[in-house]
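A short write-up of the structure that comes next.
The values are calculated or read from the model by the stated rules, or taken from the named source; none is laboratory data. All figures in this text were calculated on a predicted structure; none of them were measured in a lab. So basically every Cβ, Gly included, is an ideal-geometry build from the backbone, and we count neighbours across all protein chains shown.
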Amino acid sequence: MRICIPTGTADGKTAIVHEHFGGAPYFTIYDTDKGEVEVVNNDNQHHSHGMCQPLAALSTKNINAVVCGGMGARAIMKLNEAGIKAYRAIPGSVEEIAQQFAKGGLEEITVENACQQHNCH
């Protein structure tokens, strides 16, 4: 499974999760089968509210899930339409989050519990 975790740095497994999906400088993709990571630059990190297009950077990456601090309902709908589920991250590194994800310990983010005006926490 390939998990996309938005991060503030390009530090691979040690990168810390970014608080919000669309505004993250990087998307770190963790392949749970191989234990490998790929870092993708988010060229759309500076966008107007409701106008983020993160799937443009991820469309060819075969992502199965996104794990982040939060995201808006529109992003949830776009991900779900692409067959991708989103989960709320625990604070920590990519590796710690991937371990928690593998245990099934993360809450799914739905349209009903998505961020409202980016006040996720």
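Tabulated data
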quantity: Neighbours by Cβ (under 8 Å, 6+ apart or cross-chain): first from the stretch 90-112, in contact (Cβ under 8 Å) with a residue 12 or more places away in the chain; second among the acidic types (Asp, Glu); calculated: 90/96
quantity: Whichever residue in the stretch 66-89 is farther than 23 Å from residue 100 by Cα and of a type in the set (Gly, Ala, Ser) and, among such residues, is modelled with the lowest pLDDT; calculated: 73
quantity: Single unsatisfied condition, residue 108 versus (1) under 20 Å from residue 39 (Cβ atoms); (2) at pLDDT 90 or above; calculated: (1)
quantity: Total residues in the stretch 17-38, condition in contact with a Gly (Cβ under 8 Å, 6 or more places away or on another chain) and more than 25 Å from residue 74 (Cβ to Cβ); calculated: 1
quantity: Selection from the stretch 96-121 of residues that are in a helix (DSSP H, G or I) and surrounded by fewer than 17 Cβ atoms within 10 Å (Cβ to Cβ); calculated: 96, 99, 100, 102
quantity: Number of positions in the stretch 1-11 that are surrounded by fewer than 17 Cβ atoms within 10 Å (Cβ to Cβ) and at pLDDT 95 or above; calculated: 3
quantity: Count - residues of the stretch 45-65 that are surrounded by 16 or more Cβ atoms within 10 Å (Cβ to Cβ) and either touching a helix residue (DSSP H, G or I) at 6+ places or on another chain (Cβ under 6 Å) or modelled with pLDDT under 85 (or both); calculated: 6
